[in-house]
Amino acid sequence: MATNLVTKAEYKAYMGISSVNSDAEIDLLIPKVSDLVKTYCRRTFIDYYDEAKTEVFDGGFKQIILKETPVVAVNSVAYSADYGKTYTNLVKFTDYVVRDDYVLSLNPVGFSEQINGYKVVYFAGYEVVPGDLKLAVLDLVEYYSRNNGAVHSTRDLNPNTTQINYVASSNFPASIKRVLDQYMADFT
């Protein structure tokens, strides 16, 4: 599932665009920028709010940190003794508890190490994209639109000469990076 973080209508309203002249470019950029933001932040934000996410872990820890945040609900935590071929559901408040964005084992030794030993099915993310994140995505779409994919920018030196400056930095503009860094998942 790859849900865009903004829509074409939102972008056009934000930029004050009423014509359809740039619709093809906007349709191309929005999914790419949405994917870029999701990759950079290491989470999808809205993809698993209404659709369950399943993750498989090897154990060996006291807690299982879930990739998607914030966690809305954990449907099940299951254990497999046969490397993921079959799973048996664990019991909430007997075998584990959910704390914030992780599953904590109530066994004193934690989740025993087992290849594909644990499967967690859960819902996480936001029902709607938070306003500050949406603004950063809209600005990033505009940034890539204005900079022709941020590969290069042109500058007319005089009527007969154009200079091409290639972008050497891989950094986002500071105002956008500041917002994205607040949403970046940290698995440490």
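If each of Lys67 and Val97 carries a label point 7 Å out from its Cα toward its Cβ, how far apart are those two points in nm?
2.8 nm
Please check: in the Gaussian network model of the chain (C-alpha springs, under 10 Å), which one of Val56, Val121, Val20 has the largest mean-square fluctuation.
Highest fluctuation of the listed residues: Val20.
Show me, for the stretch 22-29, the HN-Hα J-couplings you get by feeding each phi into the Karplus relation (A = 6.51, B = -1.76, C = 1.60, θ = phi - 60°), rounded to Hz, glycine and proline as x.
Coupling constants for the stretch 22-29: 9, 4, 5, 5, 5, 4, 6, 6 Hz.
Mind sorting Met15, Met184 by how few other Cβ atoms lie within 10 Å of their own Cβ, fewest first?
Met184, Met15
What is the gain in length, in nm to one decimal, between Asn107 and Asp23 on full extension, counting 0.36 nm per residue of separation less the C-alpha to C-alpha distance?
24.7 nm
Hey, what do the phi angles of the stretch 72-80 turn into as Karplus ³J(HN,Hα) couplings, whole Hz, using 6.51/-1.76/1.60 and θ = phi - 60°, x for Gly and Pro?
My calculation for the stretch 72-80 gives 8, 7, 9, 6, 7, 10, 10, 10, 10 Hz in order.
Of Ile115, Ile65, Ile30, which is the most mobile in a GNM of the chain whose springs link Cα atoms less than 10 angstrom apart?
Checking each option, the largest mean-square fluctuation is seen for Ile115.
If you rank Ser112, Ser34 by fewest surrounding Cβ atoms within 10 Å, what's the result?
The most exposed by this proxy come first: Ser112, Ser34.
Counting other Cβ atoms within 10 Å of each Cβ, which chymotrypsin sites (Phe, Trp or Tyr not before Pro) in the stretch 77-112 have at most 14 and sit in a DSSP loop?
Sites meeting the loop and neighbour criteria: Tyr83, Phe93.
With contacts defined as alpha carbon pairs under 8 Å and 6 or more residues apart, what's the relative contact order of the chain in percent?
Relative contact order, the chain: 26 percent.
Ranking Thr88, Thr7 by Cβ neighbours within 10 Å, fewest first, what do you get?
Thr88, Thr7
At a Förster distance of 35 Å, what's the computed FRET efficiency of Thr54 paired with Arg178, Cβ-Cβ distance as r, to 0.05?
FRET efficiency, Thr54 to Arg178: 0.60.
To two decimal places, what compactness ratio does the chain give when its Cα radius of gyration is scaled by 2.2 N^0.38 Å?
My calculation over the Cα atoms of the chain gives 1.36.
No lab work stands behind these numbers, since they all come straight from the coordinates. Computed from a predicted model, the values in this text were never measured in an experiment. All Cβ positions, even for glycine, are placed from backbone atoms using ideal geometry, and neighbour counts span all protein chains on display.
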